[in-house]
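For reference, the structure is listed below as structure tokens.
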Amino acid sequence: MQTKNAYQFPFAAYPALRLMFLMGIGICAGHFFFEDSLPLLTVSTISIFLLWIIAEFLLRKVRPVLYSSLSITFYILFVILSSAGLYIFTASKDAPDYKALETVSLYEWEEIIVEGTIRNSGKSSSGRNVYELDVRKTTFDDTYSWHRQYRLRLYDDNEYDDAITQRDTGTFRVRLYAFPDRRNPHEFDYGRWLLDRGIVGHGEVQRVLEISSSTHFGWETWRAKVRGNVHDIFNEEQAVIARALLLGDKQEITADTRQQFSRAGLSHIMAVSGLHVGFIVAPFWLLIPWLWGSRSGKWSGLLILTVILIIYAGLTGFSPSVSRASLMAWLLTYGKLFHKVRNSINITAVAAIIILLIEPRQLFDVGFQLSFAAVFIILLVMPEVQRLVPGKWRYGFTGGLITIVLVSIVVQLGLFPILVHYFGEFAIVGPIANALVVPILSFTVPTGLLLVLLSPLSPLFFQAGAYPVTLLLQWIEHVAFMLGSQSFSYLAIGTSPATLFLVWFFAVLLVASLRIPTVRWIMVILLLLSLNFLMAELIINKPLQKTMQVTFLDVGQGDAIHIQTPNDKHILVDAGRWSPMSNSGERILLPYFNYLGVDHLDAVILSHPHADHIGGMPDLIENLSIGKIYQADYPYSSELYKRYMNLAEQFQIPVFYATSGSMIDIDPELRFFVMGPDKDSPRDRNPNNHSVAFKLVHGKNHFLFTGDAEVNQERQLARKYGNFLKSDLYKAGHHASNTSSNSFFMQYVEPEITVASLAFRNVFGHPGSQAVERIHQFSNRQKYTSLSGGIIFTSDGETIKKMDWKGNN
């Protein structure tokens, strides 16, 4: 009786894949465990290498069994340790100069003169010129010269006849900004991003004192000319989209357009990547059968492809995504032409290895993770998914359209944990949007790029020839806005558990191994185990007691406080500030609630109608659903107030007037006692003295909010409520101005913690020195958003704890 041999995975067929995984482990180890241990790591790596050589050459004949085990072990350790060392060495080369950071920080908001070479140039999303300057010389106070090399990021609103580009040298008078600090939990850590690029300061160019253009050929010069060609043949509106789709230049794309493309699942088409490289290379692949005939034909074809890929990568600024895709396309073509190993998984791994050898920090780049994860998911999962399509629909136009939809679904679902982890959103309509757009791109990208490159020969002729491409660009934009603007187009998801990646990994391997029974059942077992780990993590992270979270957002000179109740209700106390340029709703509150996955506010409590407390309301009403609004019954005539009230009526949001003695019922675990304003109190000409003041009670913990109450209202509160004002946490009235937090009031409150919301620089002189003294006298701990940024407290009904969301424990 014959026995069937158990299936064994062909590890030998995937040497590059093995090496890629080992390098990834080593780079992660260097990042998380050996960051400051380069000498020790170097010695260890050399020792392991010598042991590996000894095992290879001395033990092979003497102890072959032992040789095999030791050789493999030493090889694995050598790859891991050397990868860790490479990461640490590369990171240390571009490490920020903290000594320079300390010196530059001393001159925040002052002007200095810097001399150096432009490392990179471009434009910000708001259209400002942006330069990265490698500084050689700095002049402080127009007298003292400092010859230390460091890097600055400069912003410039001026336009010049000859644009300032990479490699230009110049002297600039610069007004330094304060080094950016992450102000709120949801915000991008701009300061960390600058430091990761070796930048230790940033500021605004006041005047260009001297500039010398580089005489060397540079890609940036050519890119600038090609960008100009785009504007020559397309109208202004479509030129912006064309630059993004053809060149990956998204500098002039508005935040709204980016958001709509993202929510439609189309953001990848504006981040020039493998899809675009595929469209550029596709015509060349049609020539491959004619190049197989001779060795010279093969090498000529490979040379032509190399030139095409280098030119396109240069046009896109050698972006990491295009460089990755170009390398993979070159390797695949080489294998095809010369009949080398054509295992796509192995070739993809080779591309990853080359990139990580050049820049190991790419492993932590979201673009690297997304592009390689997408390729591996397509290679592993798509063969099994395509088997579900009936044979008669697999080919021709129908088959191509079905494949596009299936690839979009597979990639969207396959990248789910990465997308949620980094962006907090998942596009549901992505497959539909991609089915409507990707086939069009196969014509738009190569044709549009060819027209742009040839347009200097005859601008009018190529402008007319670009009309069909213009129509297609309009269609692409229409699809993005039509689908991306729908409320059902995306899911907003909060923080994701770490074990979700484990579930994702084994789910992908399970689908890939469906036709291999032995492996399939192993993957089923591992997937079930990982699901158990996921459930365990969710249970562990779930608080044993129902907690309340109070977040004092840093909105500058204004108030905005988010209360998340024990039963997951969401309350906003005040809505930040408004200015002609922006408002807290658009700039801070909506991104914050989107980050949390909150699309409904159960209640909004507005203390009074000043612009620094209702500034974000119009945007909030238009973008979130709101259950109720509570405010003071105080007529106000500002246009902002009228607009907000009209919108509340238009969206049928009930507005209630909160008065002393009433209660707000939102969560049975909490009690909201409204303490002001008094219903029949005489009208004060100052709206601050008609603020909605309330006490929030959670178990034994008491929180007091008084809006912008000043002397008159505080006197009323003290006289009427006396010892009932006693609270554990007090939100300082009127941004800690001298007119609030008076002694006769604070003697009753006596808070453990006082929080004041205000801007670091403001024209009102807040916080007032007298108020600060009184707050310090009557409370044990004081926190200011101007100094700390956003501040989060949690309450379990027994104690109040401050959360360190910046990770500074």
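Rounded to the nearest 10 degrees, what's the angle between the helix 295-315 long axis and the longest principal axis of the chain, both from Cα atoms, 0 to 90? With both axes taken from Cα atoms, the answer is about 10 degrees.
A Förster radius of 35 Å, combined with the Cβ-Cβ distance separating residue 338 from residue 463, puts the computed FRET efficiency at roughly 0.25. At the listed q of 0.17, 0.22, 0.23 Å⁻¹, the Debye profile of segment 728-809, built from one uniform point per Cα, gives log10 I(q)/I(0) equal to -0.68, -1.04, -1.10. Multiplying the residue separation of residue 175 and residue 14 by 0.36 nm and subtracting their alpha-carbon distance yields 52.5 nm. Here segment 140-160 and segment 479-546 have alpha carbon centers that stand 48 Å from each other. A simple packing score, the average count of other Cβ atoms within 10 Å per residue, orders the peptides 37-43, 748-754 as 748-754, 37-43, with the highest score first. Computed from the C-beta positions of residue 235 and residue 284, the FRET efficiency with R₀ = 51 Å rounds to 0.95. Taking 51 Å as R0, compute the FRET efficiency from the Cβ-Cβ separation of residue 481 and residue 764 and round it to 0.05. Once the sixth-power term is evaluated, E becomes 0.80. Please tell me which of these pairs span more than 27 angstrom C-alpha to C-alpha: 642/783; 569/695; 546/806; 569/720; 569/726; 628/783? From 642/783; 569/695; 546/806; 569/720; 569/726; 628/783, over 27 Å: 642/783; 569/720; 628/783. Note on segment 565-704: Rg/Rh from Cα positions, Kirkwood definition for Rh, rounded to two decimals, is 0.96.
Taking all Cα pairs closer than 8 Å and separated by 6 or more residues, the relative contact order of the chain comes to 8 percent.
All other residues whose Cβ lies under 11 angstrom from that of residue 514 are scored, Lys and Arg at +1 and Asp and Glu at -1, for a net of +2. When the Cα convex hull of the chain is projected onto planes of every orientation, the mean area is 45.5 nm².
Only helical runs count toward this figure. For the chain, summing -39,500 (n - 2.57) over DSSP H runs of n ≥ 4 and dividing by all residues gives -15500 deg cm²/dmol at 222 nm. Distance between the C-alpha centers of segment 431-456 and segment 719-765? Whole Å please. Going from one Cα centre to the other spans 60 Å. When only Cα pairs below 8 angstrom with a gap of at least 6 residues are kept, segment 168-322 shows a relative contact order of 21 percent.
Shape analysis of segment 490-539 based on the Cα gyration tensor places the equivalent ellipsoid semi-axes at 24, 13, 6 Å, largest first.
Just the number: Rg to Rh for segment 636-699, Cα atoms, Kirkwood Rh, two decimals.
Using only Cα positions, Rg/Rh for segment 636-699 is 1.04.
All alpha carbon pair distances within segment 146-239 were sorted into 5 Å bins beginning at 0; the resulting P(r) in whole percents reads 2, 10, 15, 17, 17, 15, 13, 7, 2, 0. For residue 116, the residues whose modelled amide H falls within less than 5 Å of its own, excluding neighbours fewer than 5 places apart on the same chain, are 136, 170.
Given the Cα atoms of segment 208-270, and with Rh set as the inverse mean 1/r over their pairs in the Kirkwood sense, what is Rg to Rh to two decimals? Taking Rg over the Kirkwood Rh, I get 1.11.
Could you order the peptides 144-153, 365-374 from most to least packed, using the average number of other C-beta atoms within 10 Å per residue?
On the way: 144-153: 15.7, 365-374: 17.9.
Put in order of decreasing packing, that is 365-374, 144-153.
Compared with the dominant principal axis of the Cα atoms in the chain, helix 38-57 is inclined by about 30°.
Residues 708, 162, 619, ordered by accessible area of protein heavy atoms at a 1.4 angstrom probe radius and largest first, appear as 162, 619, 708. Can you classify segment 465-585 as rounded, prolate or oblate using the Cα gyration tensor, where a ≥ b ≥ c are the square roots of its eigenvalues, rounded means a/c under 1.5, and otherwise it's prolate if a/b beats b/c and oblate if not? Verdict is oblate for segment 465-585. Taking the average, over residues, of other Cβ atoms within 10 Å as the packing measure, peptides 798-805, 298-305 rank 298-305, 798-805 from highest down. Between residue 204 and residue 518, the contour length at 0.36 nm per residue exceeds the Cα-Cα span by 106.7 nm. Seen against the Cα atoms of the chain and their longest principal axis, helix 396-414 is set at about 50 degrees.
Between residue 636 and residue 715, the simple label model (points 7 Å from Cα in the Cβ direction) yields a spacing of 2.4 nm.
The values are calculated or read from the model by the stated rules, or taken from the named source; none is laboratory data. Keep in mind the model is a prediction, meaning the values are calculated, not measured. Counting neighbours? That spans all protein chains shown, and the Cβs are built from the backbone with ideal geometry, glycine included. The protein model used for the area step is the full one, side chains on, heavy atoms only, and it has no ligands, DNA or RNA in it. Shrake-Rupley method; radii C 1.70, N 1.55, O 1.52, S 1.80 Å.
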